[in-house]
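Novice: Next up is a structure, given as structure tokens.
The values are calculated or read from the model by the stated rules, or taken from the named source; none is laboratory data. All of these numbers come straight from a predicted model, not from anything done at the bench. Note that we place each Cβ from the backbone using ideal geometry, even for glycine, and neighbour counts take in every protein chain shown.
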Amino acid sequence: MWNHVFEGWIQYYQGGLTGCGGRLWASYMQDSESDRLQDYIIDGEPVVEIDIHASGATIIAARENFPIPDVDDIYSSLKVHGLERDLAKAVINHSISVGSLNKKDFPSRIRKDPRLAPMARKVTWSNLRDQLKKQMPWLTRLDPKSNEDLYVQWKDSEIIIATMTKVFEAGVGCLSVHESLILPQSQLELGKAALIEAFEHNTGVVPKLNVRYPS
């Protein structure tokens, strides 16, 4: 059993610049999701994990004043022949990471990835790009000079710190893994409310949440 007294947060900023990174870090974050859910006990209880669905996409869309598609899963919502969810997610997250949507073909990192490359060969890039621009026009506003990925990390960290502070103030223990919150199962509604409040305060929009229990 892992026992630890909370002593504060450690944030890492790119070049020491506030607002450029700042993702939280702790050694337990190296544990797998399944291990966290199966093995962790907080306040004497098994845990539940809550996270923001498509956090980076939602943060960028909100900044650019575009709505996120009102669907349960934006990665599965793209109507492109042969497109698999994992490939859609990889393309969107890569675009945020580099600050642009590729013009001519899938990003080289995806074309070289042993798992994603076979998926990409089933999809015409121009069709996928056109659909992304139609359903997620904020992708065309990405700026490769603006460290978009680090901006998302900074927002994620501000949101999760505010969330955890709210949970701690209620006398409940919790942990975070980037933009996700881990807390006792009996405190699920407290965690959801705190995460939604912090996200809306920092972005102006209400997020969709994913909830995961031990299997």
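Novice: Here is a list: Ile110, Ile50, Ile60, Ile68. Which entry is touching a residue at least 24 places away in the same chain (Cβ under 8 Å), out of contact with any strand residue (DSSP E or B) (no Cβ under 9 Å at 6 or more places or on another chain) and not in a loop (DSSP other than H, G, I, E, B)?
Specialist: Ile60
Novice: All but one of (1) assigned to a helix (DSSP H, G or I); (2) in the same structural domain as Glu84 (by TED's automatic domain parsing); (3) among the charged types (D, E, K, R) hold for Arg115; state the number of the condition that does not hold.
Specialist: (1) is the only condition that Arg115 fails.
Novice: Would you be able to say whether some residue in the range 128-138 is under 18 Å from Asp43 (Cβ atoms), out of contact with any Phe, Trp or Tyr (no Cβ under 7 Å at 6 or more places or on another chain) and modelled with pLDDT of 95 or more?
Specialist: First, the residues of the range 128-138 that are under 18 Å from Asp43 (Cβ atoms): none.
No, the range 128-138 contains no residue that is under 18 Å from Asp43 (Cβ atoms), out of contact with any Phe, Trp or Tyr (no Cβ under 7 Å at 6 or more places or on another chain) and modelled with pLDDT of 95 or more.
Novice: Considering only the range 71-99, how many residues are part of a helix (DSSP H, G or I) and among the acidic types (Asp, Glu)? Step through it out loud before you land on a result.
Specialist: As a first pass, look at the range 71-99 and keep what is part of a helix (DSSP H, G or I): 74-76, 85-98.
Still in the list and also among the acidic types (Asp, Glu): 86.
Total satisfying the criteria: 1.
Novice: Kindly indicate whether any position in the range 174-184 is assigned to a helix (DSSP H, G or I), out of contact with any Pro (no Cβ under 8 Å at 6 or more places or on another chain) and crowded, with 18+ Cβ neighbours inside 10 Å. Outline the logic, then answer.
Specialist: Here is the first cut: in the range 174-184, the residues assigned to a helix (DSSP H, G or I) are none.
Within the range 174-184 (the criterion being assigned to a helix (DSSP H, G or I), out of contact with any Pro (no Cβ under 8 Å at 6 or more places or on another chain) and crowded, with 18+ Cβ neighbours inside 10 Å), the answer is no, since none of the residues qualifies.
Novice: Ok, one more. Residue under question is Lys103, and the condition is that it be in a helix (DSSP H, G or I), out of contact with any strand residue (DSSP E or B) (no Cβ under 8 Å at 6 or more places or on another chain) and modelled with pLDDT under 95; does it hold?
Specialist: No: the conditions fail for Lys103.
Novice: Name every residue in the range 187-215 that is closer than 17 Å to Ile60 by Cα and aromatic (Phe, Trp, Tyr), in order of residue number.
Specialist: Phe199
Novice: Using beta carbons and a limit of 9 Å, which pairs, at least six apart or on different chains, have the first residue in the range 177-190 and in the same structural domain as Tyr28 (by TED's automatic domain parsing) and in contact (Cβ under 8 Å) with a residue 12 or more places away in the chain and the second one among the hydroxyl-bearing types (Ser, Thr, Tyr) and assigned to a strand (DSSP E or B)?
Specialist: That search, which allows pairs on different chains as well, returns Ile182/Ser176.
Novice: Still on this structure, I have one more. From the residues in the range 191-200 that are within 18 Å of Leu24 (Cβ to Cβ) and without any contact (Cβ under 8 Å) to a residue 60 or more places away in the chain, which one is surrounded by the fewest Cβ atoms within 10 Å (Cβ to Cβ)?
Specialist: Residue satisfying both the conditions and the ranking: Ala198.
Novice: Also: In the range 155-169, is there at least one residue being in contact (Cβ under 8 Å) with a residue 24 or more places away in the chain, closer than 21 Å to Ile52 by Cβ, polar (S, T, N, Q) and buried (at least 20 other Cβ atoms within 10 Å of the Cβ)?
Specialist: yes
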